[in-house]
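Read through the structure below, which is laid out as structure tokens, and then see the notes.
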Amino acid sequence: MLVRFENTQGVDLYKRKPHRCLIFLLLWLGSIGSIAQAQLKAQSHAKVQAQVTAEAANIKPLMQVKKIDPQVFYVQGVSEMGSSANQNFISNAGFVVTPAGVVVVDALGSPELARRLLAEIRKITKKRIHTVVLTHYHADHIYGLQVFKEAGARIVAHTAAREYLFSDTAKLRLEVSRQELWPWIDEKTRLVPADVWLTGPQSLHIGGIQFDIAPVGPSHTAEDLVVYLPQKKVLFAGDLVFRNRIPYVGQADSKHWIEALQNLLTFDTQWVIPGHGPISNDPKGDMTLTRDYLIYLRESMGRAANEMEPFDSAYAKTDWTKFEKMPLFKPANRMNAYNTYLLMEQESK
């Protein structure tokens, strides 16, 4: 290739400065190579995304409907942290079939999970989805909500959730989930407000079944609700009760959480569907276990906070043997303890 340049005096730069031409040629070739590399990377990334989507679609966590009585059913999420691999199926949901339609408690952690749950409900009944009651607005319980809304359901939740739902925190959490839980949480996933915002206890009578909805927050969240079926002696406890795993404490008000559990222990309950973990036919024993864990956190971290002992030292000295064999102890317990330490510091002021 012959490249010629002339300056304003008409001097042939190719003849006078051949190394300049060589430098130009090398830079030009380098730019072409960079563009080609970028195109190859983009194509490779697209192929990887397509492959991940195909693989994820073929790997579905088992969703098995479990029957409590002829009208009451639930599905149980896995005892894991939410991920693309498990479609964020880490929480429980229940449903009650009545002559007037189906009442669902919680909407699971992704639209795909909600579609799968809806398909399972359709295997049992063709009745419409009448109402969805949300025990709280954490992501693993609400990201499937749009599917039930599109199916015509009325959404019921506690009004305290509105502050979170319309906050930047909720929007940011959804953006993060679109990355961490892709492809199950994507740009089409949206936050859905309730149609009915409760401010206090309310009893719904749907198809002859009584649903006593009781606010129990601020506990695990400000907007916690439980759903009690007195005719069935069934309690949907939301995340006030965790079974076979360490509870997620987050920014909870653990003092009121303990008080709420004390109140739930007075219910005439045969079955408790927790927010996470298997159904309980020993309500007092399982609610007591969650309560005792919270009490232990407050006692151990409260003592350290009062004595102004650094958290790392306090955590290392605390005897966790009663809880350390429970699923999710390693990823959850230290953060639970730290949040409780901060809470106890605040309470002591």
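Residues G207, G217, G238, G250: which one is closer than 27 Å to V147 by Cβ, surrounded by fewer than 15 Cβ atoms within 10 Å (Cβ to Cβ) and either touching a residue at least 12 places away in the same chain (Cβ under 8 Å) or of a type in the set (G, A, S) (or both)? After ruling out the rest, the residue left standing is G250. Considering only segment 76-95, I want to know if a residue exists there that is part of a loop (DSSP other than H, G, I, E, B), surrounded by fewer than 24 Cβ atoms within 10 Å (Cβ to Cβ) and over 17 Å from the mean Cα position of the chain (by Cα). No; the residues of segment 76-95 include none that is part of a loop (DSSP other than H, G, I, E, B), surrounded by fewer than 24 Cβ atoms within 10 Å (Cβ to Cβ) and over 17 Å from the mean Cα position of the chain (by Cα). Tell me yes or no: at least one residue of segment 190-198 is in the same structural domain as Q251 (by TED's automatic domain parsing), closer than 20 Å to Y228 by Cβ, within 16 Å of the chain's Cα centre (by Cα) and surrounded by 20 or more Cβ atoms within 10 Å (Cβ to Cβ). Scanning segment 190-198, I find no residue that is in the same structural domain as Q251 (by TED's automatic domain parsing), closer than 20 Å to Y228 by Cβ, within 16 Å of the chain's Cα centre (by Cα) and surrounded by 20 or more Cβ atoms within 10 Å (Cβ to Cβ), so the answer is no.
Taking the numbered list (1) crowded, with 22+ Cβ neighbours inside 10 Å; (2) among the aliphatic types (A, V, I, L, M); (3) without any contact (Cβ under 8 Å) to a residue 40 or more places away in the chain in turn, L225 passes all entries but (3).
Being out of contact with any strand residue (DSSP E or B) (no Cβ under 7 Å at 6 or more places or on another chain) and either modelled with pLDDT under 95 or of a type in the set (D, E) (or both) is a property that holds for E259. Within segment 252-281, the set of residues being more than 18 Å from G94 (Cβ to Cβ) and either among the aromatic types (F, W, Y) or touching a helix residue (DSSP H, G or I) at 6+ places or on another chain (Cβ under 9 Å) (or both) comprises A252, D253, S254, K255, W257, I258, L261, Q262, L265.
One residue alone among F311, F329 is without any contact (Cβ under 8 Å) to a residue 60 or more places away in the chain and surrounded by 15 or more Cβ atoms within 10 Å (Cβ to Cβ), and that residue is F311.
Here V272 clears all of (1) more than 21 Å from the chain's Cα centre (by Cα); (2) outside any loop (DSSP other than H, G, I, E, B); (3) buried (at least 17 other Cβ atoms within 10 Å of the Cβ) except the condition numbered (1).
The values are calculated or read from the model by the stated rules, or taken from the named source; none is laboratory data. All values reported here derive from a predicted model rather than from experimental measurement. Don't worry about glycine lacking a Cβ; one is built from the backbone with ideal geometry, like all the others, and counts go over all protein chains shown.
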